[in-house]
Structure formats: structure tokens, C-alpha cells
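Input: a single structure, listed below in C-alpha cells.
The values are calculated or read from the model by the stated rules, or taken from the named source; none is laboratory data. Given the structure is predicted, the values throughout are model-derived calculations rather than measurements. Here Cβ is always computed from backbone atoms with ideal geometry, including for glycine, and neighbour counts include all displayed protein chains. Heads up: the accessible areas ignore ligands, DNA and RNA and are worked out on the full protein's heavy atoms, side chains in. Shrake-Rupley method; radii C 1.70, N 1.55, O 1.52, S 1.80 Å.
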Amino acid sequence: MYEFAIAWEWLAFAVRWLHVITAIAWIGSSFYFIALDLGLVKREHLPPGVYGEEWQVHGGGFYHVQKYLVAPATMPEHLTWFKWESYATWLSGFAMLCLVYYGGADLFLVDRHVLDISSTTAILISLASLAIGWIFYDLLCKSPLGRNTWTLMGILYVALVIMAWGYTQVFTGRAAFLHLGAFTATIMSANVFFIIMPNQRVVVADLIAGRTPDPKYGVIAKQRSLHNNYLTLPVIFFMLSNHYPLAFATAYNWVIAALVFLMGVTIRHWFNTTHARKGRPTWTWLVTLLIFIVIMWLSTVPKVLTGEDTAEVAPAFRQFASNAHFPAVKDTVSTRCSMCHSAEPVYEGINRPPKGVMLENDAEIAAHAREIYIQAGRSHAMPPGNITDMTDDERKLLTAWFESAVSEGRTE
């Protein structure tokens with residue numbers, strides 16, 4: 001069964017790869033169509049119903065693109081729909097959430113110094129937050145407040161800040177940031193699935209039936225598309241954040257998350273204004289830089305722990321701490337790994353434990369048994385460049401420890 005850890009690692013890698021590929025496709029098409037929409041030029045010779053046109057050159061050819069504000073007079077013979085990029089991105093992202101955070105809830109999702117809850121409770125909170133977030137957002141858009149796009153976005157920002165704080169009060173810092181990205185991405189993908197695509201189907205159905213489509217469907221879809229456009233960059237940040245503990249494992253991580261949303265707005269404002277040919281608001285880059293400097297400063301504020309760490313080994317990992325190889329493994333980890341993976345690393349240039357992983361006591365070593373097995377036993381990824389001279393015998397020890405502990409756990 002210890003080979004399951006290898007298979008699980010490759011499965012997680014495959015799903016992550018798929019998620020990145022689909023996200024590139026979705027984000028790329030989203031950015032392209034927003035830029036296209038903003039760059040449309042109105043001319044007198046345009047056919048009836050055409051809102052604007054744009055000439056583009058790419059790959060050695062010229063493209064002439066026209067946009068109908070509502071719909072053409074007749075249904076085109078070939079119509080390309082842009083939807084699967086969004087669906088595949090959300091589905092692959094949710095699969096990753098299940099593999100990493102639900103499958104490893106005791107390690108990656110629950111921090112009992114933050115909130116002492118069971119893994120099952122944490123998973124239920126996670127699922128509920130994603131569903132409730134979309135329902136709240138959708139009702140808000142459909143309310144009278146939704147008639148003003150910028151007022152709506154302001155309220156949405158406040159809601160996202162509240163969620164950022166809330167997630168950090170329930171989950172680990174790493175899981176909180178990941179969930180904030182999932183929360184936002186769920187809204188974006190649900191916009192496509194529940195609003196944008198159904199509205200487009202109504203328009204197509206009207207064309208086929210010979211009816212004149214109602215312009216309101218296009219207006220509503222465009223508003224949701226604009227929201228998606230401004231939320232994209234923060235979602236990418238949260239996708240990457242799990243590799244950077246200075247973002248998620250600091251005292252004011254929820255404030256950092258709130259500022260990331262603002263940076264997404266300032267960056268997109270520059271691109272959107274430029275694509276609309278309304279100038280180049282270079283002030284947005286100065287604002288973005290200042291916000292980023294504030295984020296870096298906030299990441300240096302010491303984090304005050306509110307409870308004593310009893311270093312008790314969690315039930316899910318006791319088999320690794322009770323294994324006969326564990327005393328020798330602890331000595332190896334203390335010698336080869338803890339110089340970096342400690343609360344106060346002593347290795348030059350390392351100021352914080354990489355990825356927030358500490359290996360200073362029995363509980364921490366046992367909790368990260370699978371990662372130690374993969375990173376330092378079955379592969380030579382750690383220590384990086386083998387800077388602490390871990391021997392082949394020590395790697396065999398780590399491998400034997402994990403595999404025998406798993407085997408013993410199966411026979412109990």
C-alpha cells in the first residue's frame with residue numbers, strides 16, 4: 001500500500017497539470033475577448049446591428065472581427081462556443097481541492113491552533129462556503145444594487161475581504177488562501193454556467209425561431225464577464241500562494257489577501273483602459289507597486305501564537321511516530337533537515353521554513369511522513385542540492401520507515 005503514496009503524488013501532479021492547462025485556455029480567451037470588446041471601433045459603413053469592428057494581425061494573417069450588439073439577423077452556419085475552458089478549469093481545480101486538502105485534511109486543511117474541528121467538519125465548511133458564496137453573489141447581482149456595476153463590485157470586494165478573514169479563522173493559512181481562490185473561481189465559473197451560457201442560448205433560440213432577441217440578455221452576460229475579468233489575476237495569485245508561506249503563513253495574511261484583490265483591479269484597469277484606447281493610466285502601476293510593498297511589509301510582522309503547542313501526534317500519524325525506525329529517522333531529520341525546516345532556520349539565507357513546513361518534533365515529523373518519503377526517500381529533491389550531505393543509507397532509512405509504518409498500519 002505504500003506505493004499508493006507514489007500513485008497519489010503522480011495523480012496530484014497530473015490534475016495540477018490539467019488545471020494549469022485549462023486555466024491558461026480560459027484566462028487567455030477571457031483576456032482576448034475583453035480586449036477585443038474594448039478595442040472595437042464604430043464606423044458608418046458597418047452592417048445593421050453591428051456595434052463595432054476591429055482589424056487584427058497574427059500568425060502572418062489579417063483578421064476582421066465584427067461584434068453584433070444583440071445578434072445577427074440570421075443564425076450563422078458555424079458558431080463557436082467558449083465554455084469548456086471554464087468548466088474544465090473549475091472541475092480540475094475542485095479535483096485538486098479533493099486530492100490535496102480533503103484527502104490530506106489533517107495536515108493541510110485543519111490547524112487546531114486556529115480552530116479545533118474534525119476533518120469532516122472542515123470539509124463540510126469548505127463545501128458550504130463555495131456554494132453559499134455563489135448564491136449570495138448571484139442574489140446580489142439580481143438585486144437593485146446589481147444595476148450599477150461599480151457599486152456591485154465594491155460590495156463584492158467587501159464580501160471577499162470578509163471571506164478572507166473568515167477562512168483564516170477556520171483553516172490553515174495555506175488552505176485559507178487556496179479556498180479564497182476557489183471561492184472566487186467558483187463565482188467566475190458559475191457565472192459562465194448559470195448566467196452567460198443560458199443567456200446566449202436564449203438569444204440563439206430566438207434567432208432560430210425568427211424572433212428578435214432581447215438586448216437585456218447580452219447586458220447581463222457582459223456585466224458578469226466584466227466581474228470575471230477583474231477577478232482573474234487574484235485567483236492566479238491564490239493558485240500560486242501555497243508555495244509562498246510569506247503570503248499565507250503570516251500574522252496579517254487576510255489583509256494581504258484583501259490587498260491582492262486591489263492589485264488585480266489596478267493591473268486590469270491599465271490593460272482595459274489601454275485596450276479601449278482611452279489612454280495609458282501609468283499611475284496604476286505606481287499604486288500596484290505601493291500595494292505590493294505594503295504586502296511585503298505586512299509579511300514581516302511577527303505572528304503571535306495564542307496557544308501552547310503540545311506537540312501531540314495526531315491519531316492519523318501515530319503509526320509513523322510509533323514505528324521502530326522512528327528514533328533513527330528523527331535523528332536523520334534533525335541532522336539533515338531541521339536547519340531549514342524550523343521556526344528559526346539557521347541555514348544562511350533561509351529566514352522562514354520553506355513552505356511553512358517545520359520538522360522540529362515528533363508530531364511535525366510524523367505529520368509530514370509522506371512528504372519526507374517522497375522528497376527525501378524515493379527522490380533526491382530534498383535537501384536541495386543535497387547541501388546537508390544526506391547519505392544513501394539515510395534515504396533508505398526514510399524509505400523503510402514510511403513503508404514499514406504503512407504496512408503495519410494495514411495489519412492492525
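Brief remarks on what is shown
- At the residue level, THR184 shows approximately 0 square angstrom of accessible surface with a 1.4 angstrom probe and all protein chains present.
- Candidates per GluC sites (Glu not before Pro) in segment 1-93, loop by DSSP, up to 16 other Cβ within 10 Å: GLU44, GLU77
- Across the accessible surface of segment 27-151, with the other protein chains kept in place and a 1.4 Å probe, carbon and sulfur atoms take up 65 percent.
- Cα-based Rg / Dmax (Å) for segment 316-409: 12.4, 40
- Cross-link partners of LYS42 among aspartates and glutamates, defined as those whose alpha carbon lies under 16 angstrom from its own and excluding same-chain residues fewer than eight positions apart: GLU53, GLU54.
- Where only C-alpha atoms are counted, convex hull volume of the chain per residue in Å³: 189 Å³
- Chymotrypsin sites (Phe, Trp or Tyr not before Pro) restricted to DSSP loop in segment 237-267 with at most 12 other C-beta within 10 Å: none
- Spatial offset of segment 119-151 relative to segment 1-40 amounts to 24 Å, using the alpha carbon center of each.
- The shape of segment 100-174 comes out prolate: with a ≥ b ≥ c from the C-alpha gyration tensor, a/c is at least 1.5 and a/b beats b/c.
- Among the trypsin sites (Lys or Arg not before Pro) in segment 1-78, those located in a DSSP loop and surrounded by at most 16 other Cβ atoms within 10 Å of their own Cβ are LYS42, ARG43.
- Cα-based helix-to-principal-axis angle, 173-190 vs the chain, degrees rounded to 10: 20 degrees
- Taking all protein chains as shown and a probe of 1.4 angstrom, ARG211 keeps an accessible surface of around 130 Å².
- Gain on full stretching of the segment that runs from HIS64 to HIS243 - 0.36 nm per residue minus C-alpha separation: 60.2 nm
- For the chain, DSSP calls about 100 percent of its internal beta bridges antiparallel.
- When a 1.4 Å probe is rolled over the protein heavy atoms, the share of accessible surface on segment 316-409 that falls to carbon and sulfur comes to 52 percent.
- Modelled FRET efficiency - R0 30 Å, SER118 with TRP165, Cβ distances, 0.05 increments: 0.85
- Of the residues TRP90, TRP55, the one with the largest accessible area comes first in the ranking TRP55, TRP90, computed with a 1.4 Å probe on protein heavy atoms.
- Between segment 208-287 and segment 340-412, the C-alpha centres lie 39 angstrom from each other.
- Computed from the C-beta positions of GLU344 and SER29, the FRET efficiency with R₀ = 45 Å rounds to 0.45.
- Heavy atoms of the protein chains alone define the surface here; on that basis segment 316-409 has 49 Å² accessible area per residue at 1.4 Å probe size.
- When nucleic acids and ligands are ignored and a 1.4 Å probe is applied, TYR217 ends up with an accessible area of around 60 Å².
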